[in-house]
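Structure record follows, encoded as structure tokens.
The values are calculated or read from the model by the stated rules, or taken from the named source; none is laboratory data. Predicted model, so just to flag it, every value in this text is computed and none were measured. Positions of Cβ are backbone-derived with ideal geometry, glycine not excepted, and every protein chain shown enters the neighbour counts.
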Amino acid sequence: MPRRFEKPFGRRILAVAVLAALLACIGAAPACRAEGPQAVDFKATDGIPLRGYLFGTGTTGVILAHMYPADQKSWFPMARKLAAKGYLAMTFDCRGYGESGGQKVIAEIDRDLEGAYLFLRPRVKKIFLMGASMGGTAAIRVAAAKPTAGVVTLSAPLAFRGLDARKAVYKLSAPCLFIAAGEDGYAATAAREFHDAAKSQKRQILIVPGLEHGTRILSGPEGKKVEDAIFDFLKSN
């Protein structure tokens, strides 16, 4: 008789165990479900509604400002890598791009980055700003006015369509890393000028071979070298 009920009884125990595990998973969703980017809505400092995404968790935030004419998706691969290393990464669409409202007024995108900064500031202990091309120019402007742990730019121009960081960089006291590809002539020249003009005592410059611009540097032949330099910079500041 015991043998007759042995298998059904075992199956019942297994079914109960599986059900218990599923219920536990539902009750502790973050631990059981795959973590993806979290959509967030906030406003630029002049009220334009913007949409961004948070990747990962951590007490150190990294805000990623995108290049022209791309949108925040161009930063998603880097945001995932930052999250994997314990940072809270934030991407966002500048006004008029992707999921954000407003019109494409590049001269005002520093207000968008400043809005992202104000949104993330209460959630972390310190913030780094990282910008590609026009996003880098905006990052310099915001970092010159707001307390930041550091600034990283990839191919940031001195000025672009009314967005100008030539005066702001003289007030930039935070640690900074200016990156550009050597054959990307204007961007390489701008990186050198930013480096020489920055007020910061902890400023670095990295000019790599090639002509890739902005976030394209990260997927180019020098991508690993640039990534390593960025993570070393974040870790040391």
Scope region 147-165; condition surrounded by fewer than 16 Cβ atoms within 10 Å (Cβ to Cβ) and without any contact (Cβ under 8 Å) to a residue 40 or more places away in the chain; matching residues: Pro147, Ala159
Hits in region 82-97 (condition: part of a helix (DSSP H, G or I) and either polar (S, T, N, Q) or over 10 Å from the mean Cα position of the chain (by Cα) (or both)): Ala84
Filtered residue count, region 98-127, keeping only those that are in a helix (DSSP H, G or I) and of a type outside the set (Val, Ile, Thr): 16
Which numbered condition Lys199 fails, given (1) in a loop (DSSP other than H, G, I, E, B); (2) surrounded by 14 or more Cβ atoms within 10 Å (Cβ to Cβ): (2)
Selection within region 151-171 - in a strand (DSSP E or B), within 27 Å of Tyr87 (Cα to Cα) and in contact with a Ser or Thr (Cβ under 9 Å, 6 or more places away or on another chain): Val151, Thr153, Leu154
Failed condition for Pro221, given (1) without any contact (Cβ under 8 Å) to a residue 24 or more places away in the chain; (2) not in a loop (DSSP other than H, G, I, E, B): (2)
All positions within region 175-189 that are over 20 Å from Trp75 (Cβ atoms) and either part of a helix (DSSP H, G or I) or within 21 Å of the chain's Cα centre (by Cα) (or both): Pro175, Gly185, Tyr186, Ala188, Thr189
Ser133 vs. criteria of a type in the set (S, T, N, Q) and touching a residue at least 40 places away in the same chain (Cβ under 8 Å): yes
Selection status of Ala79, of a type in the set (A, V, I, L, M, F, W, C), closer than 12 Å to His66 by Cβ and either part of a loop (DSSP other than H, G, I, E, B) or assigned by TED's automatic domain parsing to the domain that holds Lys224 (or both): yes
Exclusive hit being closer than 16 Å to Glu108 by Cα and assigned to a strand (DSSP E or B), set Leu50, Leu64, Leu54: Leu50
Subset of region 92-111 (residues that are out of contact with any Leu (no Cβ under 9 Å at 6 or more places or on another chain), among the charged types (D, E, K, R) and buried (at least 17 other Cβ atoms within 10 Å of the Cβ)): Arg111
